[in-house]
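Q: Let me give you the structure first, and then I'll get to my questions.
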Amino acid sequence: MDKFITIKEAVSKIKDGMTIMIGGFLGNGSPENLIDALVESNVKNLTLICNDTSFPDKGVGKLIANKQITKVYTSHIGTNPHSNEQLNSGELIVEFCPQGSLAERIRAAGAGLGGVLTPTGLGTMVAEGKQIINIDGKDFLLEKPLKADIALIGASLGDKSGNLVYKGTSQNMNPLMATAADTVIAEIKEIVEVGEIPAENIKTQSIFVDYIVCE
């Protein structure tokens, strides 16, 4: 199956009001070309799941700056002043989630779990409106899975079937997000033939990747 599509075709799959996941850490490991095309498309009212809101001119921060996001699940917004401004004005709903809990919520969706139990966030704003479960005398916060309509993944290396490798911290959230969306689109920097990547180096298997775009 040929998974290659153009960036324009990839972005056309994202519609107003969808929930999307985008990988990366402060822009490192983000699919920048897909993000730029999404900014140009001007799709609106998106819910975004991401590690952080990056910077105004990098990664998912561009979508925030362009006011295409109405709600975001994230662990950090401090490096993007637009996030703070829109939060304070009521234009952007932010659900803060500790980074480890955010990763586990995404993993739970990918694994088909009903949620994860964690003590992290108890007694803070993170716990507001969430269920607390007591196990053997100890309280845990129930964090429900986070799933998306579409995940946009940035990979350093990949083969023509969609097996992916991430270099260094660029793998942040990318492998987890690739398991937790109905449709996964991978932007790959370097493409090789199937079989050229040692199996033990593959971080995301091709079965999770629906479409491929190449820089």
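Q: Restricting the first residue to region 29-51 and requiring it to be touching a residue at least 24 places away in the same chain (Cβ under 8 Å) and acidic (Asp, Glu), which pairs with a second residue that is open to solvent by 10 Å² or more (accessible area, probe 1.4 Å) and assigned to a loop (DSSP other than H, G, I, E, B) meet a Cβ separation below 9 Å and a spacing of at least six or different chains?
A: Glu32/Glu215
Q: Considering only region 141-154, state which residues are assigned to a strand (DSSP E or B) and surrounded by fewer than 18 Cβ atoms within 10 Å (Cβ to Cβ).
A: Of the residues in region 141-154, the ones assigned to a strand (DSSP E or B) are 141-143, 148-154.
Once the filter is applied, which keeps residues that are assigned to a strand (DSSP E or B) and surrounded by fewer than 18 Cβ atoms within 10 Å (Cβ to Cβ), region 141-154 yields Leu142, Asp149.
Q: Moving to a separate point now. Among the residues of region 192-215 satisfying the criterion of being touching a Phe, Trp or Tyr at 6+ places or on another chain (Cβ under 9 Å), open to solvent by 10 Å² or more (accessible area, probe 1.4 Å) and of a type outside the set (Lys, Arg), which is modelled with the lowest pLDDT? Lay out the reasoning, then the answer.
A: Keep residues of region 192-215 that are touching a Phe, Trp or Tyr at 6+ places or on another chain (Cβ under 9 Å), which gives 203-204, 211-214.
Next cut, open to solvent by 10 Å² or more (accessible area, probe 1.4 Å) only: 203, 211, 214.
Add one more test, that the residue is of a type outside the set (Lys, Arg), and what stays is 211, 214.
Details: Tyr211: 98, Cys214: 86.
The residue in question is Cys214.
Q: A follow-up question, please. For Ala103, which of the numbered conditions (1) in contact with a strand residue (DSSP E or B) (Cβ under 9 Å, 6 or more places away or on another chain); (2) surrounded by 16 or more Cβ atoms within 10 Å (Cβ to Cβ) fails to hold?
A: Ala103 satisfies all of (1) in contact with a strand residue (DSSP E or B) (Cβ under 9 Å, 6 or more places away or on another chain); (2) surrounded by 16 or more Cβ atoms within 10 Å (Cβ to Cβ) except (1).
Q: Would you pick out the residues in region 181-202 that are within 26 Å of Ile49 (Cα to Cα) and of a type in the set (Val, Ile, Thr)?
A: Selection gives Thr183, Val184, Ile185, Ile188, Ile202.
Listed here are the residues, each with its yes/no results for (1) out of contact with any helix residue (DSSP H, G or I) (no Cβ under 8 Å at 6 or more places or on another chain); (2) not hydrophobic (A, V, I, L, M, F, W, C).
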site	(1), (2)
Ala109	yes, no
Val116	no, no
Gly123	yes, yes
Lys138	yes, yes
Lys144	no, yes
Ala148	no, no
Ala151	no, no
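Q: Still on this model: Return the residues of region 107-126 that are touching a strand residue (DSSP E or B) at 6+ places or on another chain (Cβ under 7 Å), open to solvent by less than 70 Å² (accessible area, probe 1.4 Å) and not in a loop (DSSP other than H, G, I, E, B); say none if nothing qualifies.
A: Result: Ala108, Val116, Thr118, Val126.
Q: Restricting to region 176-191, count the residues that are open to solvent by less than 30 Å² (accessible area, probe 1.4 Å) and either in a loop (DSSP other than H, G, I, E, B) or not aliphatic (A, V, I, L, M) (or both).
A: Residues meeting the conditions: 3.
The values are calculated or read from the model by the stated rules, or taken from the named source; none is laboratory data. Note that the coordinates shown come from a computational prediction; the quantities given were computed from them, not determined experimentally. Every residue, glycine among them, receives a Cβ derived from its backbone with ideal geometry; neighbour counts consider all protein chains shown. Heads up: the accessible areas ignore ligands, DNA and RNA and are worked out on the full protein's heavy atoms, side chains in. Shrake-Rupley method; radii C 1.70, N 1.55, O 1.52, S 1.80 Å.
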